[in-house]
Amino acid sequence: MLDYSIVVPVYNSSESLNELLLRIDTTMKGLEKSYEVIFVDDDSVDESWNKLEDLQKANPENVTAVRLARNFGQHNATICGIAHASGKYIITIDDDLQNPPEEIAKLIKTMENTETDLVYGIYGKKQHSLVRNLGSAAIKVSSQHIYRNKGYGSSFRLMKTSLGKSLLNHQLNFIYIDELFQWYTNHIDFVFVEHHKRPYQQSTYTSHSLFSLFSNLVIYYTAIPLRIMVYTGFISAFLSFIIGVMFIYRKIVHDVPIGFTALIVAVSFSTSVILLSLGIIGEYLSRIYSVQNRKPPYSIKSLIVHEVH
């Protein structure tokens, strides 16, 4: 059995793939560890798949190349790579060289010196764009408060294969890996690693994609919107009761006409709360429908597996 399986989700990274594989190979040979690299192309629109075919042909003993049938997202592509991993441990790393492959040694050392199931490489200073940094920070802070976890994490991870394979039990079309890890184990450690600027292409993450990730995370993995509906209902009922008492008092004591204004305000407020609640319920129903359809997290178009000796 190989020591390590290194999973690399790929999207429009044809320029960095050669250097990435070379540096991984140098690092793992220096550590005297056997390894495989599993590249998962998330339906790139550049020459990434052609580059991966060339790399696999040049390195048939170490490289597996998987091409997804459409763009499923980074976490789903990572799940696909984990499904094909055969090493004792699994490492995940991005394709853009912002995580230097040489930092893998720090993850391995931390894993060897602890009883942990999962090691995250975390950054003292991120070299992302301002939008990406703000979006990532918002998601992590929300995770910290919503799930009562440490709120840390990154896509640069080292895990025991048993932990990684446990994720395959979740047949959801939206998967947030780090939240599932928090459910399966509390034995998580962290080590500071370097984080470099992207040497080639620009990040494909946008404010819209980060917001979409955040909204899916909240709706799929929490009941917060439903709780907001409950609290809003209580507050609106209380306010309506107070306003009603106030108008009745004014009518009885001061003989002030109630008029249509109070009625219009009450109806408008109640209607807006009802529409908001129905919208939130609709979002949950759409997610439930997706889950009941049991759509797989990914679909493979092409697969080139490394040679086994």
Note on the range 161-175: residues more than 24 Å from MET111 (Cα to Cα) and without any contact (Cβ under 8 Å) to a residue 40 or more places away in the chain are ASN169
Inside the range 1-37, the number of residues satisfying the requirement of being modelled with pLDDT of 95 or more, open to solvent by less than 20 Å² (accessible area, probe 1.4 Å) and not hydrophobic (A, V, I, L, M, F, W, C) is 6
Could you check how many residues of the range 1-49 are touching a helix residue (DSSP H, G or I) at 6+ places or on another chain (Cβ under 8 Å) and basic (Lys, Arg)?
-> 2
Residue in the range 167-179 that is modelled with pLDDT of 55 or more, of a type in the set (Ser, Thr, Tyr) and touching a Lys or Arg at 6+ places or on another chain (Cβ under 8 Å) present = no
Has the range 47-59 got at least one residue that is among the aromatic types (Phe, Trp, Tyr), within 25 Å of the chain's Cα centre (by Cα) and under 13 Å from HIS306 (Cα atoms)?
-> no
In the range 176-187, what residues are open to solvent by less than 30 Å² (accessible area, probe 1.4 Å), within 25 Å of ASN113 (Cβ to Cβ) and touching a residue at least 40 places away in the same chain (Cβ under 8 Å)?
-> ILE177, PHE181, THR185
Members of the range 67-103 that are open to solvent by less than 10 Å² (accessible area, probe 1.4 Å) and in contact with an Asp or Glu (Cβ under 7 Å, 6 or more places away or on another chain) = LEU68, ALA77, GLY87, LEU97, PRO100
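The values are calculated or read from the model by the stated rules, or taken from the named source; none is laboratory data. Only a predicted model underlies this, so the values are computations on that prediction, with no experimental measurement involved. Please note: Cβ atoms are built from the backbone with ideal geometry, for glycine as well, and neighbour counts cover all protein chains shown. For accessibility, only protein heavy atoms count, side chains too; no ligands or nucleic acids. Shrake-Rupley method; radii C 1.70, N 1.55, O 1.52, S 1.80 Å.
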